[in-house]
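Reading through the structure tokens given below for one structure.
The values are calculated or read from the model by the stated rules, or taken from the named source; none is laboratory data. Here the structure is a predicted model, which means the values were calculated and not measured. A quick note on method: Cβ atoms are made from the backbone with ideal geometry, for glycine too, and the neighbour counts reach across all protein chains shown. Protein only, heavy atoms only, side chains kept; ligands, DNA and RNA dropped before computing areas. Shrake-Rupley method; radii C 1.70, N 1.55, O 1.52, S 1.80 Å.
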Amino acid sequence: MIYTSAAEWRDAPRKRLLFFGMSGLGKTHLATLLRDHGDWFHYSIDYRIGTRYMGEYIADNAKAEAMKVPFLRDLLLSDSIYIGSNITFHNLTPVSSYLGKPGNPAKGGLPYAEYTRRQAQFRQAEIHALLDTGYFIERAEALYGYPHFVCDTGGSICEWVDPENTEDPVLKALSQTTLMVWIKGDAAHTAELIRRFDRAPKPMSYQAEFLDQVWNEYLGQNKVSEDEVDPDAFIRWTYAKALAHRQPRYAAMARNWGVTVTADEVAAVRSAADVDALIAHALERG
């Protein structure tokens with residue numbers, strides 16, 4: 001780790017953090033507190049994915065839909081209109097909408113082959129965005145003069161790495177430039193995340209092997225064909241399984257590559273100074 005003690009963290013002239021864990025437990029909350037303090041650069045992995053690595057996919061998909069409408073088709077072919085995605089830190093909907101959900105096309109579902117193709121695109125995009133962290137640390141200071149840096153990762157980071165491999169290229173690169181901090185939730189937090197997701201299911205990204213496993217299991221249990229699957233029903237059913245799949249992977253990342261704070265500790269944080277104390281306490285615990 002780039003900081004080995006609370007004292008080393010407190011005295012560091014340049015502080016560099018990376019938060020990881022399940023979506024909804026406070027990663028962006030902490031990053032926003034630090035950014036609003038004024039001397040922290042906030043690097044959002046999801047924003048980088050949507051603007052740098054998947055922006056063209058998203059725009060082309062929207063154009064393909066528009067080309068089905070004769071009026072819009074004529075305007076596009078004559079360069080009379082422009083279609084793009086309006087991705088911001090607070091609106092990443094274009095990315096999740098592009099990922100989509102598999103199943104019945106009449107209910108907005110994608111063919112499974114197309115769905116997995118987009119999943120593979122997202123995997124590559126997220127790996128590239130994570131590996132860009134070091135570049136953005138240098139850029140933030142050289143270009144904008146920010147001494148401190150926080151990387152706000154997506155919940156799927158654990159899907160693309162091997163936390164038990166000391167030579168994992170993504171984790172090795174990240175650990176050399178940031179202190180990796182797991183926000184750990186308990187059973188109550190998991191239950192609340194599942195309740196929230198059930199109310200408003202949204203597309204997610206999954207490890208290919210895990211996705212194939214749960215897809216085939218769902219088809220078998222419900223005795224349905226691919227185009228009979230209710231897309232929302234499938235992703236609701238999959239969500240709890242995905243959280244259970246990710247939890248030990250997050251734990252291994254923290255054990256081998258970083259430190260741990262709890263979601264309850266994060267919920268009590270109100271300022272950048274509180275974040276500073278939270279990290280110092282995590283380092284003291286070891």
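Take the Cα atoms of segment 132-214, find their three principal axes, and give me the spread along each one in whole Å, biggest first.
44, 28, 23
Pick out, from Phe41, Ala31, Leu110, the residue whose Cα sits farthest towards the positive end of the charge dipole of segment 1-128, with +1 on the Cβ of Lys and Arg and -1 on the Cβ of Asp and Glu.
In segment 1-128, that residue is Leu110.
So what are the ³J(HN,Hα) numbers for segment 83-96, from phi and the Karplus equation (6.51, -1.76, 1.60; θ = phi - 60°), rounded to whole Hz, Gly and Pro as x?
For segment 83-96, the Karplus-derived couplings read 10, x, 9, 9, 7, 9, 4, 9, 9, 9, 4, x, 5, 5 Hz, x marking Gly and Pro.
With every atom except the alpha carbons ignored, what do you get for Rg and Dmax of segment 114-169, in angstroms?
Taking only Cα atoms of segment 114-169, I get Rg and Dmax of 14.1, 43 Å.
Run the dipole for the chain about the Cα centre, Lys and Arg Cβ at +1, Asp and Glu Cβ at -1, nothing else charged, and hand back the magnitude in debye, nearest 20.
320
With the Cα gyration tensor of segment 25-99 giving a ≥ b ≥ c as the square roots of its eigenvalues, does the rule (a/c under 1.5 for rounded; else a/b larger than b/c for prolate; else oblate) give rounded, prolate or oblate?
Taking the square roots of the gyration eigenvalues as a ≥ b ≥ c, segment 25-99 is prolate.
Name the aspartates and glutamates eligible as straight-distance cross-link partners of Lys63: C-alpha to C-alpha under 20 Å, and not fewer than 8 places from it in the same chain.
Cross-link targets: Asp74, Asp79, Glu114.
What distance in nm lies between label points placed 7 Å from Cα along the C-beta direction at Glu56 and Glu217?
With each label placed 7 Å out from Cα toward Cβ, I get 3.7 nm.
Specify the inter-centroid distance of segment 126-157 and segment 272-286, based on alpha-carbon positions, in whole Å.
Between the Cα centre of segment 126-157 and that of segment 272-286, the gap is 21 Å.
Would you compute, from DSSP H runs of 4+ residues alone, the mean residue ellipticity of the chain at 222 nm, taking -39500 (n - 2.57) per run and dividing by the full residue count, rounded to the nearest 500?
Working: 14 runs with 163 residues, N = 286.
Calculated at 222 nm, the ellipticity per residue is -17500 deg cm²/dmol.
To the nearest 20 debye, what is the magnitude of the charge dipole of segment 191-246 about its Cα centre, counting +1 on the Cβ of each Lys and Arg and -1 on the Cβ of each Asp and Glu?
Around 400 debye, computed over segment 191-246.
Within the chain, what's the longest run with no GluC sites (Glu not before Pro) in a DSSP loop and at most 15 other beta-carbon atoms within 10 Å? Give the range, please.
With GluC sites (Glu not before Pro) excluded where exposed in loops, the chain gives 1-163 as its longest stretch.
Compute the FRET efficiency between Asp264 and Asp227 as 1/(1 + (r/R0)^6), taking r as their Cβ-Cβ distance and R0 = 41 Å, and round to the nearest 0.05.
That gives a FRET efficiency of 0.40.
Per residue, what volume in Å³ does the convex hull of the Cα atoms of segment 1-54 enclose?
123
When we measure straight from the Cα of Lys184, which lysines land under 25 angstrom away, once same-chain ones fewer than 8 places off are left out?
Lys15, Lys27, Lys172, Lys202, Lys241
Efficiency by 1/(1 + (r/R0)^6): what FRET value for Ala12 and Gln247, r their Cβ-Cβ distance, R0 = 41 Å, to the nearest 0.05?
About 0.85, to the nearest 0.05.
Looking at the chain, which longest stretch skips every one of the trypsin sites (Lys or Arg not before Pro) that is in a DSSP loop with at most 12 other Cβ atoms within 10 Å, leaving the sites themselves out?
It runs 69-222.
Once you order the gyration tensor axes a ≥ b ≥ c over the Cα atoms, which shape class does segment 73-124 get: rounded for a/c under 1.5, otherwise prolate or oblate by comparing a/b with b/c?
The shape class here is oblate.
Take every Cα-Cα distance within segment 37-150, group them into 10 Å bins from 0 onward, and report for each bin the whole-number percent of pairs it holds.
13, 33, 31, 16, 8, 0
How big is D, in µm² s⁻¹, for the chain by Stokes-Einstein at 37 °C and 0.692 mPa s if Rh is the Kirkwood radius over C-alpha pairs?
Diffusion coefficient, whole number: 162 µm²/s.
Provide the solvent-accessible area of Asp39, counting protein heavy atoms only and rolling a 1.4 Å probe, rounded to the nearest 10 Å².
50
Can you list which of the chymotrypsin sites (Phe, Trp or Tyr not before Pro) found in segment 89-159 are DSSP loop residues with at most 16 other C-beta atoms within 10 Å?
Details: sites: Phe89, Tyr98, Tyr112, Tyr115, Phe122, Tyr135, Phe136, Tyr144, Phe149; in loops: Phe89.
When the chymotrypsin sites (Phe, Trp or Tyr not before Pro) of segment 89-159 are filtered for loop state and at most 16 Cβ neighbours within 10 Å, Phe89 remain.
Roughly speaking, what is the centre-to-centre gap between segment 1-80 and segment 191-250 when only Cα atoms are used, to the nearest Å?
If we compute the Cα centre of each part, the gap is 24 Å.
Taking H placed 1.01 Å from N in the peptide plane, check which residues at least 5 places from Leu110 or on another chain put their amide H under 5 Å from its amide H.
Hits under the 5 Å cutoff: Lys101, Gly103.
What is the antiparallel percent of DSSP beta bridges lying wholly in the chain, to the nearest 5? Display every interim value, and only then the final one.
Values: 1 of 20 bridges.
Antiparallel bridges make up about 5 percent of those DSSP assigns within the chain.
Work out the length of the dipole vector of segment 162-228 about its Cα centre, built from +1 on the beta-carbon of each Lys and Arg and -1 on the beta-carbon of each Asp and Glu, and round it to the nearest 20 debye.
Roughly 480 debye, rounded to the nearest 20.
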